[in-house]
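The block underneath contains the structure these notes are about, expressed in structure tokens.
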Amino acid sequence: MGDWCIADHFIIGNRPIPAPSWFDRASFAMRVGVIGPGIQLMQTMEKWSCQRLAGPGVLGMCAVHDYLAGEPSSAFVLGCNYLLAPRCPDDRLFRRAAEELGDEARVVMKGEQRMLCLRTTYRYDQARRAWKPAALPYLEDPLASLVNVLLRTEHEIGKGALELVAGLWTAEHGFVHTGRVTFSLRTPWDGDIEWTATGAYNVLSAPWKGPCAGFLSLQAHQKPVRVALQSWPF
């Protein structure tokens, strides 16, 4: 998908929808739709590049092109204060991490979903981060420190592959998914961890439009996850 990557833009409040400028008007697709109170998600796809439309109240990201930009509006920023396991058979997940984090974290459950809610918002400073587990304890980076706590306390994470949805809760907009963290580990200290900024997990029913709207990859890109939790624990 590197040649046909998708860029996500969160449009806050009543800002006008940014107007894309397509490099090739025969090779693009886009859509815009509401994903929460007072927030829209604009997704664009084109060949060889990505739309960079961020500005006041419009926050954009694309991991493939390391694009992360925009001026925050209200409390919404490009970052996260929750990690969500959409379908989790392990009722122990996040418990030890929350104990380690103390007053900074709460574990909430609803049906098959488990969520680690964080009092602190962890801002992204890049659209894609990749770490080796052994390097995490030595990095002076809040996001890396959070991942290190998970890896050190949650023993099940170190036994294989796991993908968690990352997102931001605000009183104005509710739960908005802003990324994912993927653990691909052979042992707790051998493998890869990747944090990617993406809007792919938001429920967005708007249709794709444009010459490439029929691409199958567009349908596979979106992995909508509805949050079962109704209230924020802090």
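Karplus-derived 3J(HN,Hα) values for segment 96-105, using 6.51 cos²θ - 1.76 cosθ + 1.60 with θ = phi - 60°, are 5, 4, 5, 4, 5, 7, x, 5, 7, 9 Hz; glycine and proline are entered as x.
Volume per residue of the convex hull around the Cα atoms, evaluated for segment 132-234, comes out as 155 Å³.
Mind pulling the angle between the C-alpha long axis of helix 142-153 and the longest principal axis of the chain? Nearest 10 degrees, somewhere in 0 to 90. Once rounded, one gets 40 degrees.
The value of relative contact order for segment 33-77, using C-alpha pairs under 8 Å at least six residues apart, is 25 percent. By the rule of a C-alpha distance below 27 Å, with chain neighbours fewer than 8 residues away ignored, the lysines paired with LYS159 are LYS110, LYS132, LYS223.
Compute and list, largest first, the equivalent-ellipsoid semi-axes of segment 1-133 from the alpha carbon gyration tensor, each √(5λ) rounded to a whole angstrom.
Rounded to whole Å, the semi-axes are 32, 17, 15.
Here the contact order of the chain, divided by its residue count and restricted to Cα pairs under 8 Å and six or more residues apart, works out to 21 percent. Its alpha carbons give the chain an Rg and a Dmax of 17.7, 53 Å. Over segment 59-122, all Cα pairs binned in 10 Å intervals from 0 give whole-percent P(r) values of 19, 37, 28, 15, listed from short to long. Size check on segment 191-234: the Cα extents along the three principal axes, sorted descending, read 45, 34, 13 Å. Once a ≥ b ≥ c are taken as the square roots of the eigenvalues of the Cα gyration tensor of segment 72-182, is the result rounded (a/c under 1.5), prolate (a/b larger than b/c) or oblate (a/b not larger than b/c)? In terms of gyration-tensor shape, oblate.
Cysteines of the chain lacking any other cysteine Cβ under 4.7 Å from their own Cβ: CYS5, CYS80, CYS88, CYS117, CYS212. Near VAL203: Cβ cut-off under 11 Å, other residues only, Lys/Arg at +1 and Asp/Glu at -1. The net charge is +2. Straight-distance candidates among the lysines for linking to LYS47, with alpha-carbon spacing under 16 Å and chain neighbours fewer than 8 residues away dropped: LYS209.
Values in this text are rule-based calculations from the coordinates and carry no lab data. Treat the numbers as computed from the prediction; the structure is a model and nothing was measured. Virtual Cβ from ideal backbone geometry, glycine too; neighbours counted across all protein chains shown.
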